[in-house]
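Student: Mind having a look at this structure? Questions to follow.
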Amino acid sequence: MGGGFMMAPEALPDDGLLDLCIAGQLSRIGILKMIPRFMKGTQATHPKIKMGRSEKIHVVAIKGSLPAHADGETICTAGSELRVEIVKQPLEILHGPLDA
């Protein structure tokens, strides 16, 4: 995540798993107090934070909307469910001349 936040500090880019950081209900003050932990990557020691790994995840909003962000960018603000899955296949990259 951008801005120096280490949401999943033990994540590996090539293990085929999503690293999850799931936060329980926190007050606004509680969220602000968590910022230093996320900047250092120590949030997993907080009792309201659960870390995990999975090939896919399905999240459904119990009430209201479920805003979603990917790498610091908002991808949805009014959805009610989110499905994320690792797709194991090569990524084709197109590029121009390497010496340009």
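Student: What are the residues whose amide H is under 5 Å from the amide H of Gly41, where those residues sit 5 or more places off or on another chain and H is modelled from the backbone?
Tutor: The list, which skips near neighbours in sequence, is Met6.
Student: Still on this model: For log10 I(q)/I(0) by the Debye sum over Cα atoms at q = 0.12, 0.25 Å⁻¹, which listed value, (1) -0.34, -1.41; (2) -0.52, -1.56; (3) -0.55, -1.21, comes from the coordinates shown?
Tutor: Computed from these coordinates, log10 I(q)/I(0) by the Debye sum over Cα atoms at q = 0.12, 0.25 Å⁻¹ corresponds to label (2).
Student: In the neighborhood of Gly30, defined by Cβ-to-Cβ distances under 14 Å, what is the net charge if each Lys or Arg adds +1 and each Asp or Glu adds -1?
Tutor: Once all neighbours under 14 Å are counted, the net charge is +4.
Student: Per 0.36 nm of contour for each residue apart, how much would the distance between Asp14 and Lys50 grow if the chain were fully extended, relative to their Cα-Cα spacing?
Tutor: 10.8 nm
Student: Helix 28-40 versus the longest principal axis of the chain: what is the Cα-based angle in degrees, 0 to 90, to the nearest 10?
Tutor: The helix 28-40 is inclined about 40 degrees to the chain.
Student: What's the magnitude of the charge dipole for the chain around its Cα centre, counting Lys and Arg as +1 and Asp and Glu as -1 at the beta-carbon? Answer in Debye, nearest 20.
Tutor: So the magnitude is around 820 debye.
Student: A further question follows. Report the number of Lys pairs in the chain whose alpha-carbons are under 24 Å apart, with separation of 8 or more residues or on distinct chains.
Tutor: Taking the chain as the scope, the lysine pair count is 8.
Student: Another question, then. Which residue, Ala70, Gln25, Met51, has the largest displacement toward the positive end of the dipole of the chain when charges sit on each Cβ (Lys, Arg +1; Asp, Glu -1)?
Tutor: Checked the options; the winner is Gln25.
Student: Using the beta-carbon distance between Lys88 and Ile29 and R0 = 35 Å, what value does 1/(1 + (r/R0)^6) give for FRET efficiency, to the nearest 0.05?
Tutor: In this case the efficiency is close to 0.25.
Since every read-out is calculated from the coordinates, none of them should be taken as a lab result. These numbers were taken from a predicted model, which means no experiment stands behind them. Note that each Cβ is placed from the backbone with ideal geometry, even for glycine, and that neighbours are counted across all protein chains shown.
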